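Asks: Have a look at the structure that comes next, please.
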Amino acid sequence: MENQKTELQIEIIGRIKNMRQQNGISQKDMADYLDVTAGEIGNIESQALISKSSQSMKFAKSVVPFL
C-alpha cells in the first residue's frame, strides 16, 4: 500500500520518538518547537500511515537539533 510507512521510516520515527520520551519532551513541547500541532506529532509518530510530506520533512529537518 502506498500510504503505509516503509520499515526505514518506522525505524527512524521510532528512534526519534524514543529519544523524545527519554529526554522527557512531550509531543506538545516538540510541536511548539517545530511550529506544528501536537496532533501532527502524534500523526507522524503513528506506526500506520504516512503523514503529509511537508509535515514529515519539517519534522525530520528540525527534530535532531531539538533533541
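Asks: For the residue pair Lys28 and Gln9, what label-to-label distance in nm results when each label sits 7 Å from Cα along the Cα-to-beta-carbon direction?
Replies: Inter-label distance under the simple model: 2.8 nm.
Asks: For segment 22-31, just list the computed ³J(HN,Hα) in residue order, Karplus coefficients 6.51, -1.76 and 1.60, θ = phi - 60°, integers in Hz, with x standing in for Gly and Pro.
Replies: Those phi angles translate into 4, 8, x, 9, 7, 4, 5, 4, 5, 4 Hz.
Asks: Taking K and R as +1 and D and E as -1, what net charge do the other residues with C-beta under 15 Å from the C-beta of Gly24 add up to?
Replies: Here the charged neighbours net out to +1.
Asks: So if each residue of separation counts as 0.36 nm, and I subtract the Cα-Cα distance between Asn18 and Ser46, what length gain in nm does that give?
Replies: On the way: separation 28, 0.36 × 28 = 10.08 nm, distance 1.28 nm.
Residue separation times 0.36 nm, minus the Cα-Cα distance, leaves 8.8 nm.
Asks: Next question. What does the charge count near Glu11 come to, summing +1 for each Lys or Arg and -1 for each Asp or Glu among other residues with Cβ under 12 Å from its Cβ?
Replies: +2
Where a number appears in this text, it was derived from the coordinates with a stated rule and is not lab data. Since the model is a prediction, treat every value here as computed from it, not as a measurement. Methodologically, a virtual Cβ is constructed for each residue, glycine included, from the backbone with ideal geometry; neighbour enumeration extends over all protein chains shown.
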